[in-house]
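A.B. asks: One structure, as structure tokens, below. Some questions next.
The values are calculated or read from the model by the stated rules, or taken from the named source; none is laboratory data. Keep in mind that this is a model prediction, so the values were computed, not measured. Cβ coordinates were reconstructed from backbone atoms using ideal geometry, including for glycine residues, and neighbour counts include every protein chain displayed.
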Amino acid sequence: MLLLLLCVSVYTQVVAQRDKDGFLQGRNFKDGSLWVLTYVRTHSGQDLAYFNAISDVWRAQMEALKKEGIILSYKALQTNAARVEDHNVMLMVEYKDIRTWETNADKQAVIMQTIARDKAASSHVLHDDKVREFFGNGMGREIIFR
């Protein structure tokens, strides 16, 4: 029993030492923000319709989330499809961390649905399989180097 108490006591006293910039002792990098990525391929001749819809709906959704402090930033990138079966659009949303993304999921959904409902015509284009093909989502944590 005494050994167990000693182990708990030592464990609770272990504190990771960070410098003034937040880097752990002995590391030249630290965790940054979380990026949630959406991969899409627009069908031939549909770029204009899709990008207009992104500008109308998705951008309004992102601005509302930014105003609420849920996200830090967002970007839309047009990419070169490396293969025929590859995406050519990447939508990127930056969150402070995964906790922020998870704890605000319900609030985020309400905001996004409200804006999509208000801009129904453009929202339909964003989800129209004749305009685009959804390739999936991913996420990554930014690494900040010293």
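A.B. asks: If a residue has to be aliphatic (A, V, I, L, M), at pLDDT below 95 and exposed (fewer than 14 other Cβ atoms within 10 Å of the Cβ) to count, how many in region 121-142 make the cut?
C.D. replies: 1
A.B. asks: Given the conditions (1) over 18 Å from residue 115 (Cα atoms); (2) surrounded by 15 or more Cβ atoms within 10 Å (Cβ to Cβ); (3) under 12 Å from the mean Cα position of the chain (by Cα), and given that residue 98 satisfies all but one, which numbered condition is not satisfied?
C.D. replies: (2)
A.B. asks: Please go through (1) of a type in the set (Phe, Trp, Tyr); (2) at pLDDT below 90; (3) closer than 18 Å to residue 133 by Cα for residue 11 and return the number of the only condition it doesn't satisfy.
C.D. replies: All conditions pass for residue 11, except number (3).
A.B. asks: Scan region 83-94 and tell me whether some residue there is out of contact with any Lys or Arg (no Cβ under 8 Å at 6 or more places or on another chain), more than 20 Å from residue 35 (Cβ to Cβ), among the basic types (Lys, Arg) and modelled with pLDDT of 95 or more.
C.D. replies: No, every residue in region 83-94 fails to be out of contact with any Lys or Arg (no Cβ under 8 Å at 6 or more places or on another chain), more than 20 Å from residue 35 (Cβ to Cβ), among the basic types (Lys, Arg) and modelled with pLDDT of 95 or more.
A.B. asks: Just to verify a result, which residue in region 56-74, among those that are touching an Asp or Glu at 6+ places or on another chain (Cβ under 8 Å) and of a type outside the set (Val, Ile, Thr), is surrounded by the fewest Cβ atoms within 10 Å (Cβ to Cβ)?
C.D. replies: Among residues in region 56-74 that are touching an Asp or Glu at 6+ places or on another chain (Cβ under 8 Å) and of a type outside the set (Val, Ile, Thr), the one surrounded by the fewest Cβ atoms within 10 Å (Cβ to Cβ) is 73.
A.B. asks: Residues that are without any contact (Cβ under 8 Å) to a residue 40 or more places away in the chain and of a type outside the set (D, E, K, R), at least 1 per element: which strands (runs of 3 or more DSSP E) completely within region 33-146 meet that? I'd like the intermediate steps shown before the answer.
C.D. replies: Working: elements: 73-78, 89-95, 132-145.
Here the list reads 73-78.
A quick yes/no check of all residues on (1) under 30 Å from residue 17 (Cα atoms); (2) of a type in the set (Phe, Trp, Tyr); (3) over 17 Å from the mean Cα position of the chain (by Cα):
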| position | (1), (2), (3) |
| --- | --- |
| 34 | yes, no, no |
| 53 | no, no, yes |
| 67 | no, no, no |
| 77 | no, no, no |
| 83 | no, no, yes |
